[in-house]
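Undergrad: Just passing along the structure, written as structure tokens.
The values are calculated or read from the model by the stated rules, or taken from the named source; none is laboratory data. What you are looking at is a predicted structure, and each value in this text was computed from that prediction instead of being measured. No Cβ is skipped: glycine too gets one built from the backbone with ideal geometry, and neighbour counts run over all protein chains shown. Side chains included, ligands, DNA and RNA excluded: accessible areas come from the protein's heavy atoms. Shrake-Rupley method; radii C 1.70, N 1.55, O 1.52, S 1.80 Å.
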Amino acid sequence: MSGRDGGPLRRRLERFGREFAKFGAIGGLGLLVDLGVFNLLRHLTDVPVVRASIAATVVAIGFNYLGFRYFTYRERDKNRRTRELTLFLLFSVAGLVIQSGVLYTATYGFGWDTPLQSNAFKFLGIGIATVFRFWSYRTWVFRKLPERDAVESGDIEPGSVETGAVKAAESDPLLDARAPRVPADRVV
């Protein structure tokens, strides 16, 4: 680590922490939407538990897309919305299968179908699926802008872009140990 601010590793961890917090805020609201719709369907209709869960999750997926696109990942690439939405739906459906599988196994495999048990296993399924969704959304769906485009669009400040040499040093521990640090304002 170098410099007053703790160096590039600390900056990357802080950016990741902010991203994770934003993801968690939207995810938490989406969780409330999901559980709210699920419980309304369970108590006001005769819809079976897994079907109620799937319907509630579909509503939450729509809510989450809007929150992730316009809050969590608003600075990410916006050029290929059709591709982004297609991937988002694909990974969301994979997450839906994960969480519905947990609820299905508890309900029909073990006979745990009381409202408390249904909510507990729905919550567990959501937790497992959330780990998958966080990874897939940040890796494949909401792609980072190339640095030049990010600076030009005003999404990041020009002085905050790290040089290619610094990035290479961060990704290769051997190079990092041998390479001298050159301040970004001195790079030609």
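Undergrad: Restricting to the stretch 89-127, and then to whatever is touching a Phe, Trp or Tyr at 6+ places or on another chain (Cβ under 9 Å) and among the β-branched types (Val, Ile, Thr), can you tell me which residue is least open to solvent (accessible area, probe 1.4 Å)?
TA: Here the answer is THR107.
Undergrad: Report whether or not ASN39 is among the polar types (S, T, N, Q), modelled with pLDDT under 90 and either closer than 30 Å to GLY111 by Cα or open to solvent by 90 Å² or more (accessible area, probe 1.4 Å) (or both).
TA: Numbers: among the polar types (S, T, N, Q): yes; modelled with pLDDT under 90: no; either closer than 30 Å to GLY111 by Cα or open to solvent by 90 Å² or more (accessible area, probe 1.4 Å) (or both): yes.
So ASN39 fails the test.
Undergrad: In addition: What's the number of the only condition in (1) among the hydroxyl-bearing types (Ser, Thr, Tyr); (2) open to solvent by 20 Å² or more (accessible area, probe 1.4 Å); (3) modelled with pLDDT of 95 or more; (4) touching a Leu at 6+ places or on another chain (Cβ under 9 Å) that THR130 fails to meet?
TA: (3)
Undergrad: Any chance the stretch 52-73 includes a residue that's buried (at least 16 other Cβ atoms within 10 Å of the Cβ) and among the basic types (Lys, Arg)?
TA: There is at least one residue in the stretch 52-73 that is buried (at least 16 other Cβ atoms within 10 Å of the Cβ) and among the basic types (Lys, Arg).
Undergrad: Something else now. From the list LEU13, LEU29, LEU89, which one is part of a helix (DSSP H, G or I) and over 30 Å from PRO146 (Cβ atoms)? Don't jump to the end; show me each part of the working.
TA: Values: LEU13 fails: over 30 Å from PRO146 (Cβ atoms); LEU89 fails: over 30 Å from PRO146 (Cβ atoms).
Exactly one residue qualifies, and that residue is LEU29.
Undergrad: Among the residues in the stretch 2-14, are any more than 27 Å from ARG143 (Cα to Cα) and open to solvent by less than 90 Å² (accessible area, probe 1.4 Å)?
TA: At the first step, the residues of the stretch 2-14 found to be more than 27 Å from ARG143 (Cα to Cα) are 2-4.
Subsequent filtering for residues that are open to solvent by less than 90 Å² (accessible area, probe 1.4 Å) retains 2-3.
Yes, the conditions are met somewhere in the stretch 2-14.
Undergrad: Moving on to the next point. Could you list, in sequence order, the residues of the stretch 133-144 that are open to solvent by 40 Å² or more (accessible area, probe 1.4 Å) and not in a helix (DSSP H, G or I)?
TA: Applying the first criterion (open to solvent by 40 Å² or more (accessible area, probe 1.4 Å)) to the stretch 133-144 yields 135, 138-140, 143-144.
Hits for the stretch 133-144 are ARG143, LYS144.
Undergrad: Between a first residue in the stretch 48-68 that is more than 21 Å from GLY24 (Cβ to Cβ) and a second residue that is open to solvent by less than 50 Å² (accessible area, probe 1.4 Å) and among the β-branched types (Val, Ile, Thr), which pairs have beta carbons less than 6 Å apart while being 6 or more apart in sequence or on different chains?
TA: Filtered contacts from the stretch 48-68: VAL49/THR107.
Undergrad: For the stretch 19-50, give me each residue that is charged (D, E, K, R) and under 25 Å from the mean Cα position of the chain (by Cα).
TA: Matches in the stretch 19-50: GLU19, LYS22, ASP34.
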